[in-house]
Amino acid sequence: MTGKTLSIVVPVYNEAAVLGELLERLKAIAGTLSDEFQLSVGFIFIDDGSSDDSFAILNAHDFGPRPVRLLQFSRNFGKEAALSAGIDAAQSADAAVLMDADLQHPPEMITEFVRIWLDEGADSVYAYKASRRSSEGYLKAAASRLFFWVINRNLRYQIPPGAGDFRLINHRFMKALRSLPESDRFMKGLYGWVGFRQIGLPLEPPLREHGNSSFGAFRLLSMTMDAITSFTTTPLRLMAMAGIVIAMFSAVYGLFVVIETLFFTGVTNGIASVLTLIAFFGGVQMIFLGLLGEYIGKSVLEAKKRPPYILAEDISRKGDAVEGR
């Protein structure tokens, strides 16, 4: 008997349609883990300000003898904050499994996570998308590759392409994550930053059967900007390089204009080309200023040291006992 404890951490946001199936599959896999690995398995659910009945369904569900903790945010703080709250709540466990509630992270895969953790001593076992193009389309897959190319430039660590939040992390991995002071978090980057021994497993996510993803194009773009400005200065270096290249071309073009004016008569000035160049360089400057503003704005927000989340409810159950905080 190992005597180890495992917490399954699940952020929830408007997932009332799938919670019934998810909870039954989680209880089944918890029984398998207990029987096969002699683990003490508990659940931690974080309701991220859902507007449907998600928290009520969780609160009314019978989890049997397994310990469960139900956290509800005072409002929607985002998935990164929900994962942080789950890791904080699981601090006494030997390991925690982080997963989504939309059934695209199959609970049955947790068995393989646990086996690698126990047999190979991995600090983290994560799932990565085996093929992004088949599940997301060519354009989104290409954008993803560009994102990881930018964010992994000149780093002493790597964020594995295709890796998500579906993973097992052990006690010292969780302790390292809790020690990080930033409130505006990009968890996929933090997993790579803390290091330790990590093992990846391929995953072909099943299609979402109920509802729509809350991560639309604009939200994904916003998360991409947050991630890049949190973990790399590559855009700033690219801006400097672009400035050098533009200055060189401007100098060459200026020399060409002087030579043309002095030695070639009858050449008319092209007002259209001048206006086009002005508009182009003005647009480039606005993009660069906006990117600088992102970095400065993030620094201001971090300087305020606001907590990443606020709890409205904290309910703990140990078997049939219920304790509210």
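Worth a mention:
- Taking the criterion of being part of a helix (DSSP H, G or I) and open to solvent by 50 Å² or more (accessible area, probe 1.4 Å), the only residue of the stretch 64-90 that qualifies is D88.
- Test for D94: is it open to solvent by 50 Å² or more (accessible area, probe 1.4 Å), of a type in the set (D, E) and modelled with pLDDT of 90 or more: yes
- Restricting the stretch 154-174 to residues that are over 22 Å from D88 (Cα atoms) and open to solvent by 90 Å² or more (accessible area, probe 1.4 Å), the residue that is modelled with the lowest pLDDT: N154
- When V274 is tested against (1) modelled with pLDDT of 75 or more; (2) loosely packed, with under 12 Cβ neighbours inside 10 Å; (3) in a helix (DSSP H, G or I), just one condition goes unmet, and that condition is (1).
- Residue in the stretch 194-215 that is modelled with pLDDT of 70 or more, assigned to a helix (DSSP H, G or I) and closer than 19 Å to A163 by Cα present: yes
- Odd one out for S54, checked against (1) open to solvent by 20 Å² or more (accessible area, probe 1.4 Å); (2) in contact with an Asp or Glu (Cβ under 6 Å, 6 or more places away or on another chain): (1)
- Condition met for I57 (among the hydrophobic types (A, V, I, L, M, F, W, C), at pLDDT 95 or above and either at positive phi or out of contact with any Pro (no Cβ under 6 Å at 6 or more places or on another chain) (or both)): no
- The numbered conditions (1) surrounded by 19 or more Cβ atoms within 10 Å (Cβ to Cβ); (2) more than 19 Å from the chain's Cα centre (by Cα); (3) closer than 29 Å to R197 by Cβ; (4) not acidic (D, E) are all true for M109 except (1).
The values are calculated or read from the model by the stated rules, or taken from the named source; none is laboratory data. Just so it is clear, the structure is predicted and the values come from calculations on it, not from any experiment. Ideal geometry is used to build each Cβ from the backbone, glycine not excepted, and the neighbour counts take in all protein chains shown. Remember, those area values only see protein heavy atoms, side chains included, never the ligands or the DNA or RNA. Shrake-Rupley method; radii C 1.70, N 1.55, O 1.52, S 1.80 Å.
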